[in-house]
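Where a number appears in this text, it was derived from the coordinates with a stated rule and is not lab data. Predicted, not measured: the structure shown is a model, and the values here were computed from it. All Cβ positions, even for glycine, are placed from backbone atoms using ideal geometry, and neighbour counts span all protein chains on display.
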Amino acid sequence: MSLTGQVAVVTGASRGIGRAIALELAHQGARITVNYHASARAAEEVVEAIRSSGAEASPYQADVGDASQAQALIKHAIDTYGDLHILVNNAGITRDTLIMTMKESDWDDVLRTNLKSTFNCSKAAVRHMLRKRYGRIINITSVAGQMGNAGQTSYSASKAGQIGFTKALAREVAPRNITVNAVAAGYIETEIWAGVPEEMRQAALALVPLGRKGKPEEIAAAVAFLVSEHAGYITGHVLTVDGGMAMF
């Protein structure tokens, strides 16, 4: 699944799933813009790991929940590498609590970071992809957006929103050879899950038929397939990578 010569932007790529995606796409030959918000040192480590493997990468700081910064991120990738083929909307946060104790500001932060950023970056990227008549957009969503999760109304809403966004945008841009898909992650070993209370983690693990947590690299492999030429006839699809946690 060679991506040689292609250019990719991965948001929230300084750690966890985003880091694994950036490394995998670079391994396949893509040139990567590693987006981060606050973790400059971690982003530099990702870039260095990519460069040491012989691939090209550059870091770029942007709060992708802000439209102007998202536009600047996409412009940076195009200016730096001359093109843009792949966008992976991975940036995300949680502010988990029951709805009766949830602050309005926390709700707004989660929807802004997880869902509005997907709109912001996709809108900026699509303008270029439409002209080129080619593109691959992948939205990293969650099984929480498919089946819900107590204590995560804001997170579940943002992830369900990404799924609806994926399907609608896929219909809009398909005539220009642009595919839009989502990868719904289950219980993946990341820093986000490390912040979830132990009882919630154990309850989640009990729902996984395969009986284990997933690895960020397993999400990255799914993304690499969906952006490859082998997936050119797949669009508007949600690929669930969750060990069987959410079966429909």
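Criterion first (over 17 Å from residue 92 (Cβ atoms) and surrounded by fewer than 21 Cβ atoms within 10 Å (Cβ to Cβ)) does residue 157 satisfy it? Talk me through it step by step, then tell me what you get.
On the way: over 17 Å from residue 92 (Cβ atoms): no; surrounded by fewer than 21 Cβ atoms within 10 Å (Cβ to Cβ): yes.
Spelling it out, it is not the case that residue 157 is over 17 Å from residue 92 (Cβ atoms) and surrounded by fewer than 21 Cβ atoms within 10 Å (Cβ to Cβ).
Can residue 38 be described as in contact (Cβ under 8 Å) with a residue 24 or more places away in the chain and within 18 Å of the chain's Cα centre (by Cα)? Considered against the rule, which asks whether it is in contact (Cβ under 8 Å) with a residue 24 or more places away in the chain and within 18 Å of the chain's Cα centre (by Cα), residue 38 comes out as no.
Taking the options 198, 172, 217, 189, name whichever one is out of contact with any strand residue (DSSP E or B) (no Cβ under 6 Å at 6 or more places or on another chain), closer than 18 Å to residue 97 by Cα and of a type in the set (Asp, Glu). Break it down into steps so the answer makes sense when it comes.
Working: 172 fails: closer than 18 Å to residue 97 by Cα; 217 fails: closer than 18 Å to residue 97 by Cα; 189 fails: closer than 18 Å to residue 97 by Cα.
That would be 198, the only listed residue that is out of contact with any strand residue (DSSP E or B) (no Cβ under 6 Å at 6 or more places or on another chain), closer than 18 Å to residue 97 by Cα and of a type in the set (Asp, Glu).
Is it true that some residue in region 9-31 is more than 22 Å from residue 218 (Cβ to Cβ) and either without any contact (Cβ under 8 Å) to a residue 12 or more places away in the chain or within 19 Å of the chain's Cα centre (by Cα) (or both)? Checked against the condition, which is being more than 22 Å from residue 218 (Cβ to Cβ) and either without any contact (Cβ under 8 Å) to a residue 12 or more places away in the chain or within 19 Å of the chain's Cα centre (by Cα) (or both), region 9-31 yields at least one hit.
Considering (1) touching a strand residue (DSSP E or B) at 6+ places or on another chain (Cβ under 9 Å); (2) closer than 28 Å to residue 213 by Cβ; (3) part of a helix (DSSP H, G or I), the lone condition that residue 51 does not fulfil carries the number (2). Give the residues of region 202-243 that are farther than 24 Å from residue 191 by Cβ and not aliphatic (A, V, I, L, M), sorted by residue number. Once the filter is applied, which keeps residues that are farther than 24 Å from residue 191 by Cβ and not aliphatic (A, V, I, L, M), region 202-243 yields 209, 225, 228, 229, 230, 232, 233, 235, 236, 237. Select from region 7-37 the residues that are under 17 Å from residue 141 (Cα atoms) and among the basic types (Lys, Arg) and write down the one among them that is surrounded by the most Cβ atoms within 10 Å (Cβ to Cβ). My answer is 19.
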